[in-house]
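Each remark here refers to the structure printed beneath this line.
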Amino acid sequence: MNSAQRKTLEAIFDTPTRADIRWSKVESLVKALGGDVTEGRGSRVRFRLGERVATFHGPHPQRVTGKATLQDVRRFLENAGIKP
């Protein structure tokens with residue numbers, strides 16, 4: 001994991017929840033953690049980390065992750081044993 005991905009991980013766990021994290025950085029983080037990112041129908045994106053799988057609705061047309069989605073990503077990472 002490089003320093004940009006480490007900063008993204010820390011930003012995901014910031015409180016209050018941030019509203020300025022680009023979706024592409026979240027996907028890059030999951031890949032750096034050894035996970036898979038798969039595009040689904042529409043704007044659905046499936047993340048897999050070990051045994052954990054979650055499907056999210058990627059933001060469009062904006063590229064910034066919404067607060068609710070970011071909270072879901074945080075829970076997904078926590079359930080996969082990932083913390084900053």
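The values are calculated or read from the model by the stated rules, or taken from the named source; none is laboratory data. Nothing here was measured: the structure is a model prediction, and the numbers come from that model. As a convention, Cβ positions derive from the backbone with ideal geometry for all residues, glycine included, and neighbour counts pool all protein chains shown.
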(request) Might you let me know whether the stretch 22-39 holds any residue that is free of Cβ contacts under 8 Å to residues at least 40 places away in the same chain, more than 21 Å from Ala4 (Cα to Cα), surrounded by fewer than 18 Cβ atoms within 10 Å (Cβ to Cβ) and polar (S, T, N, Q)? (result) yes
(message) Restricting to the stretch 1-21, and then to whatever is under 16 Å from Glu78 (Cβ atoms) and hydroxyl-bearing (Ser, Thr, Tyr), can you tell me which residue is surrounded by the fewest Cβ atoms within 10 Å (Cβ to Cβ)?
(response) Thr15
(request) Could you list all residues from the stretch 1-12 that are in contact (Cβ under 8 Å) with a residue 40 or more places away in the chain, more than 11 Å from the chain's Cα centre (by Cα) and within 16 Å of Thr65 (Cβ to Cβ)? (result) Glu10
(request) Would you check which residues across the stretch 25-52 are polar (S, T, N, Q) and modelled with pLDDT of 95 or more and list them? (result) Ser28, Thr38
(request) May I ask you to list the residues in the stretch 26-42 that are in a helix (DSSP H, G or I) and either of a type outside the set (Lys, Arg) or over 17 Å from Ala54 (Cα atoms) (or both)? (result) Val26, Glu27, Ser28, Leu29, Val30, Ala32
(request) Search the stretch 49-60 for residues that are in a strand (DSSP E or B) and pair each with any residue that is of a type in the set (Ser, Thr, Tyr) when their beta-carbon atoms are under 6 Å apart and the residues are at least 6 apart or on different chains. (result) Phe56/Thr69; His57/Ser43
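Return yes or no: is Arg18 under 23 Å from Asn2 (Cβ atoms), part of a loop (DSSP other than H, G, I, E, B) and of a type outside the set (Gly, Ala, Ser)?
When the stated conditions are applied, Arg18 passes them.
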